[in-house]
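The values are calculated or read from the model by the stated rules, or taken from the named source; none is laboratory data. Source: prediction; values computed, not measured. Here the Cβ positions follow ideal geometry from the backbone for every residue, glycine too, while neighbour counts run over all protein chains shown.
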Amino acid sequence: MDNLYERFDRLDTRLNRWLVTYSIALLRIALGAIFVGFGLLKFFPGLSPIEDLATRTTAALTFGLLPPRAGITLVALLECAIGLSFLTGRFLRVGVWLLGAQMLGAMSPLILFPGELFRADTHTPTLAAQYIIKDVVLVGAGLVLAATWTGARIVAEPRSMRSTLRAGAPQVSRAQRPELRPAPQRRATG
């Protein structure tokens, strides 16, 4: 009869295989839902908790060329386009590039308005700053999705839980990264 550890190890391995199969798609869908949800809020004045800051940031980044309502509508359209790209999986490259541009804009208040986003006495982030700083996670998720453009996939290499407890983070080896393999030598023809 298997002991409890061996049963858990088999369950863990099955779960890992399931994650390898579905985690990228789930990440893409979750990211899409976040962007559509937050984008839709910006279409309705007063619903987005970051509306004032987003409006002022857009005005600063466009040097006041866009009226406030047009700026926030542009941000809403951008976020919805990103979200729909991720939800559908279509135009994903465009969606990730748009995400990169949107994240630059979304994080720019940290530079444009630091006095509002960090308490002067403790230099700790306000709730609005925390709202912005968490976007680093969205950037990371976008990078994972971007890695799949050229067919990159997670590959299951099941190992027992015990063998991974002391191991560090997995590394990508040269064999797994074709761009790091030495180029084949060509023979001179004469």
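Hydrophobic (A, V, I, L, M, F, W, C) and touching a Pro at 6+ places or on another chain (Cβ under 7 Å): does that describe L53?
Yes: the conditions hold for L53.
Can you tell me which condition L112 does not meet? The list is (1) over 21 Å from E79 (Cβ atoms); (2) modelled with pLDDT of 95 or more; (3) not aromatic (F, W, Y), and all the others hold.
(1) is the only condition that L112 fails.
Quick one: G140 ticks every box in (1) surrounded by fewer than 16 Cβ atoms within 10 Å (Cβ to Cβ); (2) closer than 20 Å to L61 by Cα; (3) without any contact (Cβ under 8 Å) to a residue 40 or more places away in the chain; (4) not hydroxyl-bearing (S, T, Y) bar one, so which box is it?
(2)
Would you point out which residue out of G71, G115, G39 is more than 17 Å from the chain's Cα centre (by Cα), buried (at least 16 other Cβ atoms within 10 Å of the Cβ) and not polar (S, T, N, Q)?
On the way: G115 fails: buried (at least 16 other Cβ atoms within 10 Å of the Cβ); G39 fails: more than 17 Å from the chain's Cα centre (by Cα).
That would be G71, the only listed residue that is more than 17 Å from the chain's Cα centre (by Cα), buried (at least 16 other Cβ atoms within 10 Å of the Cβ) and not polar (S, T, N, Q).
Is it the case that D9 is more than 21 Å from the chain's Cα centre (by Cα), assigned to a helix (DSSP H, G or I) and acidic (D, E)? Please lay out each step first, then the result.
Details: more than 21 Å from the chain's Cα centre (by Cα): yes; assigned to a helix (DSSP H, G or I): yes; acidic (D, E): yes.
For D9, the condition - more than 21 Å from the chain's Cα centre (by Cα), assigned to a helix (DSSP H, G or I) and acidic (D, E) - is met.
Across segment 55-80, which residue is farthest from L27 (Cα to Cα) among those that are in contact with a Gly (Cβ under 8 Å, 6 or more places away or on another chain), in contact (Cβ under 8 Å) with a residue 40 or more places away in the chain and not polar (S, T, N, Q)? Before the answer, list the steps.
Residues of segment 55-80 in contact with a Gly (Cβ under 8 Å, 6 or more places away or on another chain): 55, 57-59, 61-62, 75-80.
Checking which are in contact (Cβ under 8 Å) with a residue 40 or more places away in the chain leaves us with 57-58, 61, 79-80.
Imposing the further condition that a residue be not polar (S, T, N, Q) reduces the set to 61, 79-80.
On the way: L61: 30, E79: 16, C80: 17 Å.
If we take residues in segment 55-80 being in contact with a Gly (Cβ under 8 Å, 6 or more places away or on another chain), in contact (Cβ under 8 Å) with a residue 40 or more places away in the chain and not polar (S, T, N, Q), then L61 is farthest from L27 (Cα to Cα).
Let me confirm something: among A129, A76, A106, which residue is surrounded by 11 or more Cβ atoms within 10 Å (Cβ to Cβ), touching a strand residue (DSSP E or B) at 6+ places or on another chain (Cβ under 8 Å) and more than 30 Å from T21 (Cβ to Cβ)?
Values: A76 fails: touching a strand residue (DSSP E or B) at 6+ places or on another chain (Cβ under 8 Å); A106 fails: touching a strand residue (DSSP E or B) at 6+ places or on another chain (Cβ under 8 Å).
Sole residue among the options that is surrounded by 11 or more Cβ atoms within 10 Å (Cβ to Cβ), touching a strand residue (DSSP E or B) at 6+ places or on another chain (Cβ under 8 Å) and more than 30 Å from T21 (Cβ to Cβ): A129.
Using beta carbons and a limit of 8 Å, which pairs, at least six apart or on different chains, have the first residue in segment 24-38 and without any contact (Cβ under 8 Å) to a residue 40 or more places away in the chain and the second one surrounded by fewer than 13 Cβ atoms within 10 Å (Cβ to Cβ) and of a type in the set (V, I, T)?
none
Identify all residues within segment 161-190 that are modelled with pLDDT of 55 or more, among the basic types (K, R) and part of a helix (DSSP H, G or I); write none if there are none.
The answer is R162, and nothing else.
Check off (1) within 15 Å of the chain's Cα centre (by Cα); (2) buried (at least 19 other Cβ atoms within 10 Å of the Cβ); (3) over 30 Å from T164 (Cα atoms); (4) not polar (S, T, N, Q) for L84 and give me the number that stays unchecked.
(2)
With segment 61-149 as the region, which helices (runs of 4 or more DSSP H) entirely inside it contain at least 3 residues that are within 26 Å of G46 (Cβ to Cβ)? Before you say what the answer is, go through the steps one by one.
Details: elements: 68-88, 92-107, 109-112, 114-117, 127-133, 135-146.
Correct list: 68-88, 92-107, 109-112, 114-117, 127-133.
Quick check on P158: is it at pLDDT below 75 and either among the acidic types (D, E) or closer than 21 Å to S23 by Cβ (or both)? Steps first, please.
Numbers: at pLDDT below 75: yes; either among the acidic types (D, E) or closer than 21 Å to S23 by Cβ (or both): yes.
So P158 fits the description; yes.
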